[in-house]
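The values are calculated or read from the model by the stated rules, or taken from the named source; none is laboratory data. Predicted model, so just to flag it, every value in this text is computed and none were measured. Neighbour counts are summed over all protein chains in view; Cβ atoms, including those assigned to glycine, are modelled from backbone coordinates with ideal geometry.
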Amino acid sequence: MDFEAGAQGKSRRLRRIAPSLLGFFGSVTALLYSLALIGNNGEGCSCSWAFIQTFVGWPMLAGSVIGFTGSGLYPALRRTSGVLLLMAGTLVTPLALFVAFGSWPDLGALFLVGIFFAPSFLASFLLLLAGLLSFKKTRHLIKKWRDGGWIP
């Protein structure tokens, strides 16, 4: 019985800080990837590197700063930090680049684009998940779906 009570307490604490941890790891991923994009001058690339830096690197840098702020505010202000984490998740996505190009890449280039933007997609997923988990209604929906057998 004592072991179960300790395990439930640890699980409850982990559930309480999970959005903050996910936001922190998403922000770190976004920061590292944005610094790699901004720090590279794109020499030898005929792909308009300045355009990629403008639409991917700088928004990711701003999103990582907002994500750090949101994950730091989570213990005190849950709703505000949830909104900040959702904003950071949208800034980190490379969708702005695809909108700026005017079209999605064809299937042949989609694999290469997916590998190139994989850290951006990971950071965006972590930040968006952290933002959604910070709201009570989302947590209740996830619990309901899990109890219903929709989520393992």
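State yes or no: is GLY57 at pLDDT 80 or above and either within 20 Å of ILE115 (Cβ to Cβ) or touching a Ser or Thr at 6+ places or on another chain (Cβ under 7 Å) (or both)?
Taking the combined requirement at face value, the residue satisfies it.
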*asked:* Given the options PHE51, PHE25, name the one that is modelled with pLDDT of 85 or more and on the phi < 0 side of the Ramachandran plot.
replied: PHE25
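For the stretch 113-138, name all the residues that are among the aliphatic types (A, V, I, L, M), over 10 Å from the mean Cα position of the chain (by Cα) and more than 21 Å from ARG16 (Cα to Cα).
Hits for the stretch 113-138 are VAL113, ILE115, ALA118.
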*asked:* Under 7 Å between Cβ atoms, which residue pairs at least 6 apart in sequence (or on different chains) link something in the stretch 15-28 that is farther than 10 Å from LEU129 by Cα with a partner that is aromatic (Phe, Trp, Tyr)?
replied: SER20/TYR74; SER27/PHE68
*Taking the condition of a type outside the set (Asp, Glu), surrounded by 14 or more Cβ atoms within 10 Å (Cβ to Cβ), out of contact with any His (no Cβ under 6 Å at 6 or more places or on another chain) and modelled with pLDDT of 85 or more, does LEU37 pass?*
no
